[in-house]
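Take a look at the structure below.
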């Protein structure tokens, strides 16, 4: 009898040791972002979205199905370089032992780094990269939360068409300005396609080197072409140069429309000032969207970091909650189990952590089936959701067309 009791006590002690160790386990998740180089401000803002989400999740008990395991972010800097991004993705997987990766903002980095993750069968959530082919390769471990460049471009062109009809002040000619990256070129290709579909004339199609020291020649081409609308696919430094150049030359354009990127970076308004007013920008969400949880979350973020959440930051925050929920449901740190749940998950706006205005549900190709756009406009140096009406706060108004420089 004594021998039996002793044996049971030993077994219980061993189980207790394993239980404590299991409860203290951390779940490592890789974050790949440009934390140096021209896109660093957006990278840091995006990282803060991931960090705040993890802090909330861990404070609420962590991954309960894993004994309260805490999520640990392992952060890697791509520097905006595709080759560095690939190396960092492999390091996160083989050296750091992450169970999933989120990143990498720039499509030129996301495209090859997702290929690395696919090779190692590690789930990779893409909060904000628009290159369509990221989810067109038959990969099983890549899941994109955001729009594609094709979907985004159609939303922009359709917005121009609809606003012209609603106001009785149509625009007819377009100027396309985009950087020579995967994102820029794929966006321009879609702009051209939808411009033809909606009956717009493209009078300027200008590709320029990303992160240029000067864009004055491009500004002069805008002045000569005189388009009604300027569409931009620019990261931060280029967006600033173009906006300042247009303001200095006092070029009157009826409508300016960004494609997130640099125009969504808070640094853009800080550097351009009043010249940023009246710019429209394509986004997928915004701190002032008519979604109470989003407004509440942004208030907390602003108190913690001193600025509003950017569009990319919001998608990174939401993506973190999606991944955490998948790990919780899988009750496993096996990447294959996590991948299975992510592929079948469905989360809705207003659910804890989901502050995008659309559901999260992935199709067979890994593309979010419900991603959609909103249009924001900068007024008095503040970005405000103005379209569609159902997502704009009461009282939000659209200024269309842009007042001439002489009238400002």
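Kindly establish whether residue 139 is over 30 Å from residue 204 (Cβ atoms), surrounded by fewer than 24 Cβ atoms within 10 Å (Cβ to Cβ), in the same structural domain as residue 319 (by TED's automatic domain parsing) and touching a strand residue (DSSP E or B) at 6+ places or on another chain (Cβ under 9 Å). Talk me through it step by step, then tell me what you get.
Numbers: over 30 Å from residue 204 (Cβ atoms): yes; surrounded by fewer than 24 Cβ atoms within 10 Å (Cβ to Cβ): yes; in the same structural domain as residue 319 (by TED's automatic domain parsing): yes; touching a strand residue (DSSP E or B) at 6+ places or on another chain (Cβ under 9 Å): yes.
Answer is yes for this residue.
Taking residue 107 as the residue in question, decide whether it is assigned by TED's automatic domain parsing to the domain that holds residue 322 and under 24 Å from residue 371 (Cα atoms). Walk me through how you get there before you give the answer.
Values: assigned by TED's automatic domain parsing to the domain that holds residue 322: yes; under 24 Å from residue 371 (Cα atoms): yes.
Answer is yes for this residue.
Quick check, is residue 397 over 17 Å from the mean Cα position of the chain (by Cα), crowded, with 20+ Cβ neighbours inside 10 Å and under 24 Å from residue 246 (Cβ atoms)? For residue 397, the condition - over 17 Å from the mean Cα position of the chain (by Cα), crowded, with 20+ Cβ neighbours inside 10 Å and under 24 Å from residue 246 (Cβ atoms) - is not met.
Evaluated against (1) part of a loop (DSSP other than H, G, I, E, B); (2) more than 19 Å from the chain's Cα centre (by Cα); (3) buried (at least 16 other Cβ atoms within 10 Å of the Cβ), residue 372 falls short on exactly one condition, (2). Filtered by the rule that a residue be assigned to a helix (DSSP H, G or I), under 16 Å from residue 257 (Cα atoms) and at pLDDT 95 or above, the range 156-186 gives 156, 157, 158, 159, 160, 161, 162, 163, 164.
Take the conditions assigned by TED's automatic domain parsing to the domain that holds residue 319 and at pLDDT 95 or above and apply them to residue 49. Does it pass?
Working: assigned by TED's automatic domain parsing to the domain that holds residue 319: yes; at pLDDT 95 or above: yes.
Yes.
Among the residues of the range 109-131, those identified as within 14 Å of the chain's Cα centre (by Cα) and assigned to a helix (DSSP H, G or I) are 109, 110.
Check 80, 97 and return the single one that is more than 16 Å from the chain's Cα centre (by Cα) and either part of a loop (DSSP other than H, G, I, E, B) or crowded, with 17+ Cβ neighbours inside 10 Å (or both). Result of the check over 80, 97: 97. Inspect the range 383-395 for any residue being touching a residue at least 60 places away in the same chain (Cβ under 8 Å) and at positive phi and give the result as yes or no. Within the range 383-395 (the criterion being touching a residue at least 60 places away in the same chain (Cβ under 8 Å) and at positive phi), the answer is no, since none of the residues qualifies. Please verify whether residue 269 is in contact (Cβ under 8 Å) with a residue 60 or more places away in the chain, in the same structural domain as residue 161 (by TED's automatic domain parsing) and under 25 Å from residue 80 (Cβ atoms), treating the condition exactly as stated. Yes: the conditions hold for residue 269.
The values are calculated or read from the model by the stated rules, or taken from the named source; none is laboratory data. Bear in mind that the values here come from a model prediction, so they are computed numbers and not experimental data. Positions of Cβ are backbone-derived with ideal geometry, glycine not excepted, and every protein chain shown enters the neighbour counts.
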